[in-house]
Amino acid sequence: MHTRREALALTLAVPTALTLAACGPNRSSSEASGGDSSSALRFMWWGNAVRDKATRGAIDAYGEVESDLSISAEPADWSGYWDKLATQVAGGDMPDVVQMDEKYLSEYGNRGALLDLEKAGLETSDFEDSSVAAGEVPDKGLLAINAGINAPVLLANAAVFEDAGIDLPDDTTWTWDDLASLAADITKATDDGVYGLQQIGLVQATFQVYMRQLGKDQYSADGAGFAAEDAEKFFAYAKSLQETKAAPDASVSVEEAGQSVDQSLFATGKCALQVAWSNQVVAYDTAAGGKVHVLRMPSMTGKAADAQLWYKASMYFAVSAKTTAEKHAVAFVDWLVNSEDAGRLLLAERGVPANLTVREAIADDLTDADIKAVDFIESIADELGDAPVITPQGGGQFEDILTRCGEDLLFGRTDTKTAGKDLLDQLTSAITV
């Protein structure tokens, strides 16, 4: 299997491959006229055991709707998903329907890999307008449809708080300093090997929230949306968490970054606080035995309205521009996002449904973990900041860049100033504006 960095190289190699793929295996004469030459679909997604089970259930249910259509399930974990997809696109063998992430939407969209769903007739009238727009790529159209709404959160493992004898915080008033102090207290009050907080200096969502609270963002219309000095402040905070033992040391933090949900320090009761996206509440709550509380990210002022959270498409469904079964693929995606039956099967694991009719219809079917995610999304509705700029082409490399720079800092190979400059320089080099 390719490493994550090899995957990025494959992704960057896609432009030529996409051109060649027009004559590749997924291309047929029926495609030009919009016809279907196949009664079989391939559907690829990343996820966890909870998502896999729900998605397979939805595929089986759709078999009752379209009995003559077969759908091949191709699940993958996050770390292997993007190199696999890049390889398939490069070989002209992209699955008909794929799960897509915002960070790669421009990457694949601008290279002609994704179908314009609006032109293909996808129904979106019951969606919140902003949630539909989140799948649009400028000058390319609606290339993906929102599979669910989420927001960055801090998850609290109540069992670890109980062991430490410390109360859960008031997440409407806490600051970054409060978070650091609380986490250090939990580490001190618990057994060796238990920590107050994961090392959030390696987490993209934390970085973006921090930048937004500085009046910046991860991206602007012209490229990177922050200065090296801003990144330096973030890395200084991350370094302080390690020095005070609020978070694990560098070796544990790096190992933790590659763990699955069920093997994470948080899920195994060895970490009190974990940064996540709200759609991940279901998986983490299941793994942690229902002990998860969903908290707002801290702010710099101690005011929830200044946290600058936003509604993000947790992920999307997209259709290959080269599919030989366009009508079947679009109809399947339409069913996934617009059918109440699909909604009752998928619930809120991919995020709170953006289709308002579906959201209302599934209210009585939600699990306790689903309700935690939905309640959080609704609770921050009046506190949201402006929506961020969509990740530009090449920006999908940011997470790996942040990891490299963060690891160099935590292992003492560099200082905060150098780490901030390296982060900005490497991201700027990666972005194609």
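The table for this structure:
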item: Accessible surface of Glu360 - all protein chains present, 1.4 Å probe, nearest 10 Å²; result: 150
item: Relative contact order (percent, whole number), region 114-189, Cα cutoff 8 Å, 6+ residue spacing; result: 23
item: Separation of alpha-carbon centers, region 311-379 and region 238-262, rounded to whole Å; result: 33
item: Approximate spin-label separation Glu123-Glu64, in nm, with each point projected 7 Å along Cα-to-Cβ; result: 1.8
item: Exposure ranking of Lys372, Lys312 by accessible area [1.4 Å probe, largest first]; result: Lys372, Lys312
item: Candidates Asp375, Asp249, Asp93: whichever shows maximal mean-square fluctuation once the chain is modelled as a Gaussian network with Cα springs under 10 Å; result: Asp375
item: Projected area, mean over directions - region 247-376, Cα convex hull, nm²; result: 10.9
item: Which of Asp96, Asp222 is most accessible, then next, and so on - probe 1.4 Å; result: Asp222, Asp96
item: Mean projected area in nm² (Cα convex hull; one quarter of hull surface) for region 90-195; result: 11.5
item: Farthest toward positive dipole pole in the chain [+1 Lys/Arg, -1 Asp/Glu at C-beta], among Asn279, Thr416, Leu182; result: Thr416
item: Region 309-410, relative contact order [Cα under 8 Å, separation at least 6], %; result: 28
item: Percent carbon-and-sulfur accessible area, region 167-239, ignoring ligands, DNA and RNA, probe 1.4 Å; result: 44
item: Unit charges on C-beta of K, R, D, E only; dipole of the chain, Debye; result: 1120
item: Highest-fluctuation residue, Ser130, Ser251, Ser106 considered, GNM on the chain with Cα pairs under 10 Å; result: Ser251
item: Added length on full extension, which subtracts the Cα-Cα distance from 0.36 nm per residue, Ala159 to Asp368; result: 73.5 nm
item: Protection-proxy order for peptides 47-57, 140-150, each taking the mean of Cβ atoms within 10 Å per residue, highest first; result: 140-150, 47-57
item: Percent carbon-and-sulfur accessible area, region 370-433, ignoring ligands, DNA and RNA, probe 1.4 Å; result: 48
item: Length-normalised contact order of the chain in % [C-alpha pairs under 8 Å, at least 6 apart]; result: 26
item: Estimated 222 nm signal from helices in the chain, with DSSP H stretches of n ≥ 4 weighted -39500 (n - 2.57), rounded to 500; result: -13000 deg cm²/dmol
item: Amide H contacts of Asp96 (H built 1.01 Å from N, under 5 Å, at least 5 apart or other chain); result: Arg42
item: Å² of accessible area per residue within the chain, as computed with a 1.4 Å probe and no ligands counted; result: 40
item: Label assignment, semi-axes √(5λ) of the Cα gyration tensor in Å derived from the structure, set (i) 52, 32, 19; (ii) 33, 26, 21; (iii) 36, 25, 19; result: (iii)
item: HN-Hα J in Hz across region 139-150 - Karplus 6.51, -1.76, 1.60, θ = phi - 60°, x for Gly and Pro; result: 6, 10, x, 7, 9, 7, 10, 4, 8, x, 9, 9
item: Student exercise, region 29-143 dipole from Lys, Arg, Asp, Glu Cβ charges, in Debye to nearest 20; result: 400
item: Charge dipole (debye, nearest 20) of region 317-366; +1 at Cβ of Lys and Arg, -1 at Cβ of Asp and Glu; result: 280
item: Share, in percent, of DSSP beta bridges within the chain that are antiparallel, nearest 5; result: 70
item: Cβ-based charge dipole, the chain, positive-most Cα from Gly165, Val374, Met315; result: Met315
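The values are calculated or read from the model by the stated rules, or taken from the named source; none is laboratory data. A quick note: this is a predicted structure, and the numbers were derived from the prediction, not measured. Using ideal geometry, Cβ is built from the backbone for each residue, glycine included, and neighbour counts are taken over all protein chains shown. Note: areas computed on protein heavy atoms with side chains; ligands, DNA, RNA excluded. Shrake-Rupley method; radii C 1.70, N 1.55, O 1.52, S 1.80 Å.
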